[in-house]
Amino acid sequence: MNIGLHQLNSPADPPDLKTNKYFVIDFDSTFTKVEAFDVLADITLKDDPDKAAIKKKITEITDKGMNGTLSFRESLEQRLALLKPERKHIPQLVKLLKDQVSESFKRNKEFFSNYAEQIYIISNGFREFIEPVVLEFGIRPENILANEFIFDASGKVIDFNRNNPLSENGGKSKRLQELNLPGDIYVIGDGYTDYEIKHAGLANKFYAFTENVERESVSSKADHVAPSLDEFLYLNKLNTAISYPKNRISVLLLENVHPTAIELLKAEGFTVESYPAGLEEDELCEKIKNISVLGIRSKTQVTKNVLENANRLMAIGAFCIGTNQINLAEATRRGIAVFNAPFSNTRSVVELAIAEIVMLIRNIPDKSGRMHQGQWDKSAKGSFEIRGKKLGIVGYGNIGSQLSVLAENLGMQVYYYDREEKLALGNATKCRSLKELLSISDVVTLHVDGRESNTNMISRQQFDWMKKGVIFLNLSRGHVVDVAALRDNVESSKVAGCAVDVFPHEPIDNNEPFVSELKGLRNTILTPHIGGSTAEAQENIGRFVPGKLMDYINTGSTSNSVNFPNLTLPTLEDAHRLIHIHRNVPGILAQINQVLAENGINIAGQYLKTNEHIGYVITDINKEYNKEVIKKLRAIEHTIKFRVLY
């Protein structure tokens, strides 16, 4: 897919199925992510006490065969002698290999069906396990060039077909020479034996395939390095599933985003770079150039200045609940979709709030501190149950409402205040004003968003409204509380205890010192913005946000975007998808349709949604259109971004 006006040239030419081009593809570590013999070893040696030693020996033999100190045939003989495969092992091996087909091959199945006559799989492996895997992609049996096992009556492998050139050194070149293919030959593989085909003068170009393994000695000899099949198809104008190779879409992840997110985005084919910390504005301004997708947590500030330097940015993923660290207005103006994780860490924050309420109302922080100093202070003074206490929740969104349910189950009387109309859960009581809630609550907890208008919403006046001895929690945003006012009220004992997880200024990484007026206060719990920092929450976020980003890039869906009109789109079949982002002014849809009508293009489906600032139009059209149509659609006044999906 193209990813912005600066990148959208013209759609790839439709495949010419009569072209005299042949595509020769390796199997191990190219068609599949793994070496089949490694998988076979895990099967045949499963119960062998010497499994590790035998696998090591197999690797050594393979290396000797690769570097020429052992002939390939000798290498094959010795490895099979150690593996001792049988016919009964083949189905299990095939099943495992089918699960290990390279991701870019799986998403480009149409290429294999379109060019079935011209695609050859060539391997020094064995047909018995290769054929069942590649046939599912429409590859013809006669186009599979591989070795063959010889079995005895009991199903044991006793030899291989020694007349097959693929069992010898230089076998791939010899076998391909026998075919005498009448056209241009392009070889895709990860190993030196694949390069040898080009070196022997039998191929026009050799592409070093590095999606699964990269061998510098092979890549250095290649005509091109192909990090994925997408790249190969793009370079040769053979695209069928996409119109822009995903390895050219660069993703930058900051602030120690969960490894699951990195794995998912890499598996999709994107080029991913990750950092454990955030970046200061000037660093991010430099780093974000040519980045297509940015992933952050709560510390990184995506300012207008940063976005002005983001010349290719399509989307931002906030791996957290809040998005106040992102200049949403500027992102929207530039046609950059923003996604967050509004639900994924809700439970984690709620559990922390419950735990801290119990700890504070029992005065545990002070008692624990004195114990560490050697003081034994066994007393019930200042310690209470939470049962029967009035809990005041400021902000009744996802977190506030779930906290309401859990707190009520623990016996608390729940009151809440929210500027928007929210349905009460359980027996919770809605307060008409913030003052009413603060004046009746034994415990006050904040769960509001980080909008600028919430700055210092709890200040000296609001503390004056609270009961003497109130327990106070802020697990929302640092700037919503006047920290100096909180400090004074803790010191005066108006606030009997407090827990704070968020601060107006937070260190950008773990090496920066933490500075706060709240340090050293009695019965005070300070935590480093870890409300959602549990293994479960971070993994949930690590799955949720990449899912939204990939849906947007792959299909145009904007479900759960915080700044784009929300559209959930059906699967695209037998059509192009045109994505048009524009200023929300009248008449754009009419202009789009006029261009299509003037060029006789049939609309298979069309979806429009707007918000206050932008319009988002998705148009699915049949496959017959010319390049001028794209230019005209891109030239419509008030267009922000335009891209084509296959």
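Values quoted throughout were computed directly from the atomic coordinates according to the rules given, and no laboratory measurement underlies them. Note that the coordinates shown come from a computational prediction; the quantities given were computed from them, not determined experimentally. As a convention, Cβ positions derive from the backbone with ideal geometry for all residues, glycine included, and neighbour counts pool all protein chains shown.
Brief remarks on what is shown
- Whole-percent pair-distance distribution, where bins are 5 Å wide, for the alpha carbons of the range 545-646: 2, 12, 25, 25, 20, 11, 4, 0
- Rel. contact order, % - alpha carbon contacts under 8 angstrom, at least six apart, the range 255-301: 48
- Remark: spin-label model distance LYS627-ALA535 equals 5.4 nm, labels positioned 7 Å along the Cα→Cβ axis.
- Furthest towards positive pole of dipole, SER123, LEU229, ILE158, structure part the range 116-231, Cβ charges: ILE158
- Expressed per residue, the C-alpha convex hull volume of the range 21-235 stands at 116 Å³.
- Mean separation of Cα contacts under 8 Å, 6 or more apart, over the residue count of the chain: relative contact order %: 11
- Given charges at Cβ of Lys, Arg, Asp, Glu: the chain dipole, positive-most of ILE588, THR44, ALA267: ILE588
- Value of Rg to Rh for the range 507-597, rounded to two decimals, is 1.24; Kirkwood radius and Rg both from alpha-carbon coordinates.
- Between the range 225-298 and the range 337-405, the alpha-carbon centres lie 39 Å apart.
- The range 21-235: relative contact order in percent, alpha carbon pairs under 8 Å with at least 6 residues between: 24
- Here, the range 305-390 is characterised by an Rg to Rh ratio of 1.31, where Rg is the alpha-carbon radius of gyration and Rh the Kirkwood radius.
- Debye-formula intensities of the range 110-217, expressed as log10 I(q)/I(0) at q = 0.15 Å⁻¹, are -0.71 (one equal scatterer per alpha-carbon, no solvent).
- Order of MET466, MET550, MET371 under a 10 Å beta carbon neighbour criterion, fewest first: MET371, MET550, MET466
- Positive minus negative residues near GLU628 (Lys, Arg vs Asp, Glu; Cβ under 11 Å): +3
- At 1.002 mPa s and 20 °C, Stokes diffusion of the range 346-532 via Kirkwood alpha-carbon radius, µm² per second: 128
- Peptides 512-522, 381-391 ranked from most to least packed by the mean count of surrounding Cβ atoms within 10 Å: 381-391, 512-522.
- Over the chain, dividing the summed -39,500 (n - 2.57) contributions of all DSSP H runs of at least 4 residues by the number of residues returns a 222 nm mean residue ellipticity of -9500 deg cm²/dmol.
- Sorted by Cβ density within 10 Å, fewest first, the residues ARG643, ARG333: ARG333, ARG643
- Cα-Cα pairs of the range 273-353 separated by more than 15 Å (percent): 56
- Rounded to the nearest 20 debye, dipole of the chain from Cβ charges on Lys, Arg, Asp, Glu: 1420
- In the chain the Cα-Cα distances spread across 20 Å bins starting at 0 as 16, 37, 30, 16, 2 percent of all pairs.
- Size of electric dipole in the range 21-235: Cβ of Lys, Arg +1 and of Asp, Glu -1, about Cα centre, debye, nearest 20: 260
- Amide hydrogen proximity for ALA226: with H placed 1.01 Å from N in the peptide plane, the residues at 5 or more positions away or on another chain lying under 5 Å are ALA208, PHE209, THR210.
- At R0 = 45 Å, FRET efficiency that the Cβ-Cβ distance of GLU86 and GLU280 yields, to 0.05: 0.15
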